[in-house]
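What follows is a single structure, written as structure tokens, with notes after it.
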């Protein structure tokens, strides 16, 4: 049985980025990609391979660097989408205000969250996309959620730093074989 998924691209620059890594994605993802104008068709023998490749293509579609997007083939990585409208409603002014808080002056808030969490963040329309390892995405998601809820930036950064330190400790303990430790 063959599985497939089709994705419509509205940004030709992102489609060009997909074309650059198409061969690598096909080889690593064990799938085939067909591009017809702005429609991308992903085909494969295994559902999970098509699913993972679809995540990579979706990440490229919203603007992530193809090298970062290809990490989604690794099970440690994930792509999270936060629709700001779900938290604040459909009032355009309110959405813009919240997105401005997430971006910060000259992109400062977004950069700080990315530095602390080590996850990549892209804001497109009313959506916030976060790409990274599962625990990195969780730190960034928590920070973005707190900003959406109106928490002060300094408190959000402090909490994210705390979570990152806890994560470092947990990873070190896992390396040492102490797996039952919970923070």
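The values are calculated or read from the model by the stated rules, or taken from the named source; none is laboratory data. As the structure is a prediction and not an experimental result, all values here were calculated from the model. Reconstructed Cβ throughout: ideal geometry from the backbone, glycine too, with neighbour counts over all protein chains shown.
Test of understanding: among 18, 73, which residue is crowded, with 17+ Cβ neighbours inside 10 Å, at pLDDT 95 or above and in contact with a strand residue (DSSP E or B) (Cβ under 9 Å, 6 or more places away or on another chain)?
Details: 73 fails: in contact with a strand residue (DSSP E or B) (Cβ under 9 Å, 6 or more places away or on another chain).
Just a single option satisfies the conditions, and that option is 18.
Can you list the helices (runs of 4 or more DSSP H) lying wholly within region 76-130 that have 3 or more residues being under 23 Å from residue 167 (Cβ atoms) and in contact with a strand residue (DSSP E or B) (Cβ under 8 Å, 6 or more places away or on another chain)?
Values: elements: 84-88, 92-103, 108-117.
Of the helices (runs of 4 or more DSSP H) lying wholly inside region 76-130, those with at least 3 residues that are under 23 Å from residue 167 (Cβ atoms) and in contact with a strand residue (DSSP E or B) (Cβ under 8 Å, 6 or more places away or on another chain) span 108-117.
For residue 156, are the conditions met, namely being in a helix (DSSP H, G or I), surrounded by 12 or more Cβ atoms within 10 Å (Cβ to Cβ) and under 13 Å from the mean Cα position of the chain (by Cα)? Working first, answer last.
Working: in a helix (DSSP H, G or I): yes; surrounded by 12 or more Cβ atoms within 10 Å (Cβ to Cβ): yes; under 13 Å from the mean Cα position of the chain (by Cα): no.
Criteria not met by residue 156.
Quick check on residue 67: is it in a helix (DSSP H, G or I) and either free of Cβ contacts under 8 Å to residues at least 12 places away in the same chain or surrounded by 19 or more Cβ atoms within 10 Å (Cβ to Cβ) (or both)?
Numbers: in a helix (DSSP H, G or I): yes; either free of Cβ contacts under 8 Å to residues at least 12 places away in the same chain or surrounded by 19 or more Cβ atoms within 10 Å (Cβ to Cβ) (or both): no.
No; evaluated as a whole, the condition is false for this residue.
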